[in-house]
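**Q** Pasting a structure here, questions to come.
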Amino acid sequence: ADAQTFGAEELTTMPDHPNHPDRVWPLQGASNFRDLGGYPGRDGRPLRWRRLFRSDHLGGLTDTDKAQLVALGLARSFDFRGDAERAAVGYQLPGLTQHSLAIEPTVVQRMQELVDAGQSLTPVHASELMADLYRALVNDQSHRFAELFEHLLTADAPLVFHCTAGKDRTGFAAALILLALGVPRDLVLQDYLLTNRVFKHPAATLHTLSPDVLAVLWQVQPGFLEAALQVVDSDHGGIQRYLEQRMGLSPAALRTLAGRYLQPA
């Protein structure tokens with residue numbers, strides 16, 4: 001696949017898949033909990049509903065939230081948060097087995113280092129740091145995403161994968177899953193950008209960062225995901241080769257994945 005540039009004008013002509021009424025779950029303690037079901041995948045077969053969920057962290061769930069997720073039969077969670085993030089905000093849910101796929105956060109620390117060194121941090125700098133993060137995810141953290149796919153292939157019980165905000169580490173993981181299942185890139189981008197509409201970021205705790213820089217930190221931009229996919233294309237010859245060589249997904253494994261998570265033809 002060739003590198004693809006996403007323009008805002010393209011998004012207005014796409015079907016309404018991201019806005020499906022069953023997409024975003026109205027939880028009180030997690031704003032970015034979303035179902036990946038319904039997107040058209042391989043051979044036009046839609047993704048099954050109530051199987052694959054992406055989210056921000058689950059440490060703030062209310063009892064009512066937990067009852068909703070238990071009723072879903074949520075069996076597995078995959079947590080991309082780093083060790084300190086996970087230790088600071090844990091969670092428990094009846095019947096849920098938790099798996100740590102730790103990817104340590106780097107952007108906030110890097111921003112703080114620049115501020116401490118006396119640099120004036122602008123939104124442009126922040127956007128560049130975010131794009132660098134996404135580029136690094138492709139190669140430096142590929143083993144974590146490969147682990148996630150290993151789990152996806154073992155059973156199709158409902159699962160959720162998440163990080164802290166559910167937008168960057170989780171966003172790239174969701175993009176890989178959707179692409180592996182044959183969802184078109186334009187819809188993958190739309191799902192990615194849905195974070196900007198639904199995620200409610202916490203009250204500002206990074207007082208040394210300006211509001212306009214924090215706005216970059218708490219949102220996603222098309223260019224972030226595009227930066228990662230351009231590395232996939234330039235370093236690996238496209239998404240299919242990346243999935244096979246770095247995610248360990250042979251054609252047979254991709255068929256198995258489709259059998260588990262796509263609706264029957």
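The values are calculated or read from the model by the stated rules, or taken from the named source; none is laboratory data. Predicted model, so just to flag it, every value in this text is computed and none were measured. For neighbour counting, all protein chains shown are included, and Cβ atoms are generated from backbone atoms with ideal geometry for every residue, glycine included. When the accessible area is computed, the model is the full protein with side chains, heavy atoms only, and any ligands, DNA or RNA have been set aside. Shrake-Rupley method; radii C 1.70, N 1.55, O 1.52, S 1.80 Å.
**Q** Of all residues in segment 189-223, how many are more than 21 Å from Val108 (Cβ to Cβ) and either without any contact (Cβ under 8 Å) to a residue 24 or more places away in the chain or open to solvent by 40 Å² or more (accessible area, probe 1.4 Å) (or both)?
**A** Qualifying residue count, segment 189-223: 2.
Results for (1) modelled with pLDDT of 95 or more; (2) among the charged types (D, E, K, R), shown as yes or no for each residue.
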position: Leu52; (1), (2): yes, no
position: Leu61; (1), (2): yes, no
position: Tyr91; (1), (2): yes, no
position: His99; (1), (2): yes, no
position: Gln112; (1), (2): no, no
position: Gly118; (1), (2): no, no
position: Asp140; (1), (2): yes, yes
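**Q** Could you grab me the full set of residues in segment 130-168 that are closer than 19 Å to Arg86 by Cα and of a type in the set (Gly, Ala, Ser)?
**A** Ala165, Gly166, listed by residue number.
**Q** Do the conditions hold for Gly95, that is, is it open to solvent by 60 Å² or more (accessible area, probe 1.4 Å), out of contact with any Pro (no Cβ under 9 Å at 6 or more places or on another chain) and part of a loop (DSSP other than H, G, I, E, B)?
**A** yes
**Q** Still on this structure, I have one more. Return yes or no: is Leu129 touching a helix residue (DSSP H, G or I) at 6+ places or on another chain (Cβ under 9 Å), part of a loop (DSSP other than H, G, I, E, B), of a type outside the set (D, E, K, R) and modelled with pLDDT under 95?
**A** no
**Q** What number of residues within segment 29-51 satisfy the criterion of being closer than 18 Å to Val198 by Cα and in contact with a strand residue (DSSP E or B) (Cβ under 9 Å, 6 or more places away or on another chain)?
**A** Here the count works out to 8.
**Q** Only one of Arg76, Arg51, Arg45 is open to solvent by less than 30 Å² (accessible area, probe 1.4 Å) and closer than 26 Å to His20 by Cα. Can you tell me which?
**A** Exactly one residue qualifies, and that residue is Arg76.
**Q** Can I ask one more? Return the residues of segment 153-212 that are in a loop (DSSP other than H, G, I, E, B), small (Gly, Ala, Ser) and more than 19 Å from Trp25 (Cα to Cα); say none if nothing qualifies.
**A** Correct list: Ala155, Gly182, Ala203, Ala204, Ser210.
**Q** Follow-up question, since we're still on this one. Counting only residues that are touching a residue at least 60 places away in the same chain (Cβ under 8 Å), surrounded by fewer than 18 Cβ atoms within 10 Å (Cβ to Cβ) and closer than 18 Å to Leu178 by Cβ, how many does segment 234-247 have?
**A** Going through segment 234-247 one residue at a time, the tally reaches 2.
**Q** So, one more: Just to check your reading of the model, which residue among Gln68, Gln28 is over 16 Å from the mean Cα position of the chain (by Cα), part of a loop (DSSP other than H, G, I, E, B) and either surrounded by 16 or more Cβ atoms within 10 Å (Cβ to Cβ) or of a type outside the set (A, V, I, L, M) (or both)?
**A** Gln28
**Q** Here's another thing I want to ask about it. For residues in segment 101-110 being modelled with pLDDT of 85 or more and of a type in the set (A, V, I, L, M), which is surrounded by the fewest Cβ atoms within 10 Å (Cβ to Cβ)?
**A** It comes out as Ala102.
**Q** Follow-up. Taking the stated definitions as given, is Gly166 open to solvent by less than 10 Å² (accessible area, probe 1.4 Å) and at positive phi?
**A** Considered against the rule, which asks whether it is open to solvent by less than 10 Å² (accessible area, probe 1.4 Å) and at positive phi, Gly166 comes out as yes.
**Q** Let me ask you something else. Need pairs with beta-carbon distance below 7 Å; first residue farther than 28 Å from His201 by Cα and modelled with pLDDT of 95 or more and within segment 145-164, second assigned to a helix (DSSP H, G or I) and open to solvent by 40 Å² or more (accessible area, probe 1.4 Å); sequence gap 6+ or separate chains.
**A** Partner pairs satisfying both residue conditions: Leu153/Thr256.
**Q** Then there is this: Hey, could you check segment 120-129 for residues that are of a type in the set (A, V, I, L, M, F, W, C) and open to solvent by less than 40 Å² (accessible area, probe 1.4 Å) and say which is farthest from Gly82 (Cα to Cα)?
**A** Filtering segment 120-129 for residues that are of a type in the set (A, V, I, L, M, F, W, C) and open to solvent by less than 40 Å² (accessible area, probe 1.4 Å), the one farthest from Gly82 (Cα to Cα) comes out as Leu121.
**Q** Looking only at segment 175-225, filter to residues that are modelled with pLDDT under 90 and of a type in the set (Val, Ile, Thr); which one of those is farthest from Met247 (Cα to Cα)?
**A** Step by step, filter segment 175-225, then rank; the result is Thr208.
**Q** Right, here's the next one. Of the numbered conditions (1) of a type outside the set (A, V, I, L, M, F, W, C); (2) in contact with a helix residue (DSSP H, G or I) (Cβ under 7 Å, 6 or more places away or on another chain); (3) over 16 Å from Asp168 (Cβ atoms); (4) at pLDDT 95 or above, Asn32 satisfies every one except a single condition; which is it?
**A** The number of the failed condition is (3).
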